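Reviewing the structure listed below.
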Amino acid sequence: MGAWTLDDIPWDRLDRSKVDPEILRIVKAASLVEQNGGDYAHYLCNVFHDDPGFQEVARHWGDEEIQHGQALGRWAELADPGFDHAKASERFTAGFRVDLDARKSVRGSRSGELIARCIVETGTSSYYSALGEAVQEPVLKAICKHIAGDELRHYKLFYTHLKRYLEREQIGFWRRLKVAAGRVAESEDDELAYAYYAANETAAPYQRKRFNNAYVRRAYRVYRAHHVERGMAMIFKAVGLTPNGRLSRFASRLAWWIMRRRMASLERAAA
Ligand SMILES: [Fe+2]
Ligand SMILES: [Fe+2]
């Protein structure tokens, strides 16, 4: 397990008066997605079937992701006694499943797989940093701080292995960029939207666009420009570009503008 356990969380400091019901909804969704870490670790062990060193790293990483789900799930249950994390997890896995049997990376190469992992860890590291800074409730703040630290470490871990595989596979810049852009676009796929649905809705039928928008509208609220800037630098590094140059700063300002525009339009639609 990682540098912390569930016992390190100051559960007795929970302050229900500081629980934001909108944040509670996205935390419930995140608690389900994190639980998929075990399945992704299994998939990575298949893809890297002849690399036992990396397989061990992947299994350890998967355990840490599962712990993120447990911490967030337990917090959500304490904040909302009506929430049952185990039941919501069952609903989620019944409707969304990672393809466990792939023997080759869906990204076309192992380097591509590691770039995709770097993108995911960039997203989670930025997200939990932003969430931890935005929330008032002290226990959730402490959990986010622990998780954000893990996610940044995960990024560094996958990046280290990416450099090792790039020496062998030598995939070009455009290929790296394509994988990264593809993985960023996938954040609009079913995983988050279905987790939001499984965690928060029991009556209405699932609709990807509706629940993706519901998730995004609440999640984007916690970001500030500096989170996007740091995330963009991490993406640039993963695809082989200068992380803190002019191009990266321009791309982060553009991404920030797009995010704010989208959020404003979602807020208008929800009003
Ligand atoms: Fe995580
Ligand atoms: Fe992670």
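Pick from Trp75, Trp61: which is open to solvent by less than 30 Å² (accessible area, probe 1.4 Å) and within 15 Å of ligand 2 (Cβ to nearest atom)?
Matching residue, one of Trp75, Trp61: Trp61.
Of a type in the set (Phe, Trp, Tyr), surrounded by 17 or more Cβ atoms within 10 Å (Cβ to Cβ) and within 17 Å of the chain's Cα centre (by Cα): is that true of Tyr165 in this structure?
no
Residue check, Arg153 against (1) open to solvent by 60 Å² or more (accessible area, probe 1.4 Å); (2) more than 28 Å from Glu229 (Cα to Cα); (3) out of contact with any Leu (no Cβ under 9 Å at 6 or more places or on another chain), all met but one. Which one?
The failed condition is (2).
Select, from Ala41, Ala29, the only residue that is within 15 Å of Glu77 (Cβ to Cβ) and crowded, with 17+ Cβ neighbours inside 10 Å.
On the way: Ala41 fails: within 15 Å of Glu77 (Cβ to Cβ).
It is Ala29.
In the list Val179, Val222, which residue meets the criterion of being among the β-branched types (Val, Ile, Thr), away from ligand 2 (no atom under 16 Å from the Cβ), modelled with pLDDT under 95 and open to solvent by less than 40 Å² (accessible area, probe 1.4 Å)?
The match here is Val179.
Only residues that are surrounded by fewer than 23 Cβ atoms within 10 Å (Cβ to Cβ) and either among the aromatic types (Phe, Trp, Tyr) or at pLDDT 85 or above (or both): list them for the stretch 100-111, please.
As a first pass, look at the stretch 100-111 and keep what is surrounded by fewer than 23 Cβ atoms within 10 Å (Cβ to Cβ): 100-109.
If the condition is that a residue be surrounded by fewer than 23 Cβ atoms within 10 Å (Cβ to Cβ) and either among the aromatic types (Phe, Trp, Tyr) or at pLDDT 85 or above (or both), then Arg107, Ser109 are the ones that fit.
The values are calculated or read from the model by the stated rules, or taken from the named source; none is laboratory data. If you're wondering where the values come from, they're calculated on a predicted model, not measured in any experiment. Positions of Cβ are backbone-derived with ideal geometry, glycine not excepted, and every protein chain shown enters the neighbour counts. Calculation scope for accessible area: heavy atoms of the full protein, side chains included, ligands and nucleic acids excluded. Shrake-Rupley method; radii C 1.70, N 1.55, O 1.52, S 1.80 Å.
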